[in-house]
Amino acid sequence: MNNLFNPLRISASGMSAERLRMEVISDNIANAETTRTSTGGPYIRKVVSFEENLKRAFDRNNRFTEKLNGVKVSAISKDPSPLRRVYDPSHPDADKDGYVTMPNVNILNEMIDLITASRAFEANVTAFNTSKQMMMKALEIGR
């Protein structure tokens with residue numbers, strides 16, 4: 001019976017991970033022009049990393065096994081790409097040479113990532129619904 005719900009669990013974990021990824025991307029877009037944060041300095045783009053979520057257990061023959069249990073967010077890290085420097089001597093955060101250090105957020109790349117995350121979320125919803133429909137059909141056949 002446990003294997004019956006694995007596709008649902010895997011799809012749900014994918015939806016959860018992609019939702020978090022969309023939230024981080026939205027945060028990046030919202031702070032694309034933030035030159036001063038609470039920690040000082042410009043906003044630094046965040047990146048979400050995923051990894052497989054393995055369920056480790058002993059099987060019926062007392063052998064150690066790993067079964068795929070979906071995906072999980074392994075880290076939300078800062079993007080190491082360089083910050084942008086823009087010449088704007090009238091900006092309050094400009095240095096003595098008139099340059100402002102801007103976030104390393106590229107709106108075009110963020111929009112592409114957002115579309116990709118949205119499509120991955122939709123694919124997981126489709127897989128979830130398909131698995132659910134197959135279970136319902138199996139129950140109908142069993143009647």
**Complete:** Non-local residues with an amide H under 5 Å from the amide H of residue 46, with H modelled 1.01 Å from N and Pro and chain starts lacking one, are 79
**Prompt:** So how many Lys-Lys pairs in the chain land under 18 Å Cα to Cα, not counting same-chain pairs under 8 apart?
**Reply:** 4
**Item:** 0 to 90° range, to nearest 10: angle between helix 6-30 axis and the chain longest Cα axis
**Value:** 10 degrees
**Fill in**
From DSSP H assignment alone, runs of 4+ in the chain each adding -39500 (n - 2.57), the sum over residues rounded to the nearest 500 puts [θ] at 222 nm at -15500 deg cm²/dmol
**Asked** Among (i) 1.53; (ii) 0.98; (iii) 1.41, which one is Cα Rg over 2.2 N^0.38 Å computed from these coordinates?
**Response** (i)
**Request:** Net charge near residue 12: determine it from the other residues with C-beta under 13 Å of the C-beta of residue 12, scoring Lys and Arg +1 and Asp and Glu -1.
**Result:** +3
**Message:** Angle check, please: helix 107-142 long axis (alpha carbons) against the longest principal axis of the chain (alpha carbons), in degrees 0 to 90, nearest 10.
**Reply:** 10 degrees
**Message:** Order these by the 10 Å Cβ neighbour count, fewest first: 87, 99, 43.
**Reply:** 87, 99, 43
**Request:** Report, in debye and to the nearest 20, how large the dipole of the chain comes out about its Cα centre when Lys and Arg carry +1 and Asp and Glu carry -1 on their Cβ.
**Result:** 880 debye
**Dipole of the chain [Lys/Arg +1, Asp/Glu -1 at C-beta], most positive-end residue of 102, 16, 54** = 54
**Prompt:** So for the chain, taking the charge dipole from beta-carbon charges (+1 Lys/Arg, -1 Asp/Glu), which of 76, 142, 123 sits furthest toward the positive end?
**Reply:** 142
**Request:** Along Cα→Cβ, 7 Å out, is where each label goes; now give me the distance between the ones at residue 95 and residue 75 in nm to one decimal.
**Result:** 2.7 nm
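Here, each number is a calculation from the coordinates, and none is a lab measurement. Keep in mind that this is a model prediction, so the values were computed, not measured. Reconstructed Cβ throughout: ideal geometry from the backbone, glycine too, with neighbour counts over all protein chains shown.
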